[in-house]
Amino acid sequence: MDKAEALKVLQESRVAIDKIDEELIYLIEKRTSLAKDIASAKLALGIPIEDKKREDYIQDKIKKISKEIDGDFINKIMNILMELNKKEQEKILRRNTNG
Ligand SMILES: C=C(O[C@@H]1C=C(C(=O)O)C=C[C@H]1O)C(=O)O
């Protein structure tokens, strides 16, 4: 690959990444927005925000789906998403408690 071709590949790859990043943010916000209903359901059921059994199920499921990404990275990515969801649930429950 010559330099001109390499520059073209780099620029086109970055355009593709920018589009994927926008889609990822949209999906992460969509996933996190479900915290509202989940927090309300847990309040009504009198159950805690954190459900480790459910988290372990998700980790195992995602690792089986992923073919390219190292399992440790999958674990870290999903932990971040789940932590984000739990924080959102806590925020919503605090708002409900404080009126
Ligand atoms: C969303 C939930 O609450 C928490 C967050 C989870 C997640 O982000 O997937 C999974 C389990 C819980 O620790 C749930 O109970 O389903």
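Read the figures in this text as sums done on the coordinates, not as results from a lab. Computed from a predicted model, the values in this text were never measured in an experiment. So basically every Cβ, Gly included, is an ideal-geometry build from the backbone, and we count neighbours across all protein chains shown.
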query: Among I80, P48, I17, whose Cα lies farthest out toward the positive end of the dipole of the chain, if unit charges sit on the beta carbon of Lys, Arg (+1) and Asp, Glu (-1)?
result: P48
task: Considering Cα pairs under 8 angstrom that are at least six residues apart, work out the relative contact order of the chain and quote it in whole percent.
output: 40 percent
query: Per the helix-only calculation at 222 nm, which mean residue ellipticity applies to the chain, given -39500 (n - 2.57) for every DSSP H run of n ≥ 4 and division by its residues, nearest 500 deg cm²/dmol?
result: -29500 deg cm²/dmol
- request: Could you calculate the contour length gain from D37 to E22, that is, 0.36 nm times the residue separation minus the distance between their Cα atoms, to one decimal place in nm?
  value: 2.9 nm
field: Separation of alpha-carbon centers, the range 69-98 and the range 1-22, rounded to whole Å
entry: 32 Å
- prompt: Label-point separation (nm) for D51 and K91, each offset 7 Å from Cα along Cα-to-Cβ?
  reply: 2.1 nm
message: At 7 Å along Cα-to-Cβ for each site, give me the label-to-label distance between D2 and I74 in nm.
response: 4.3 nm
field: Dipole moment magnitude, nearest 20 debye, the chain about Cα centre, only Lys, Arg, Asp, Glu C-beta charged
entry: 500 debye
task: Working from Cα positions, state the angle (0 to 90°, nearest 10) between the long axis of helix 3-33 and the longest principal axis of the chain.
output: 10 degrees
- line: Between N98 and S13, Cβ-based FRET efficiency (R0 41 Å, step 0.05) works out to 0.30
All-pairs Cα distance distribution in the chain, expressed in whole percent, bin size 10 Å: 13, 31, 28, 16, 8, 4, 1
- request: Measure nothing fancy, just the Cα-based angle from helix 71-98's long axis to the longest principal axis of the chain, in degrees from 0 to 90, nearest 10.
  value: 40 degrees
task: On a 0 to 90° scale, report how tilted helix 35-45 is relative to the longest principal axis of the chain, with both axes built from alpha carbons and the result rounded to the nearest 10.
output: 30 degrees
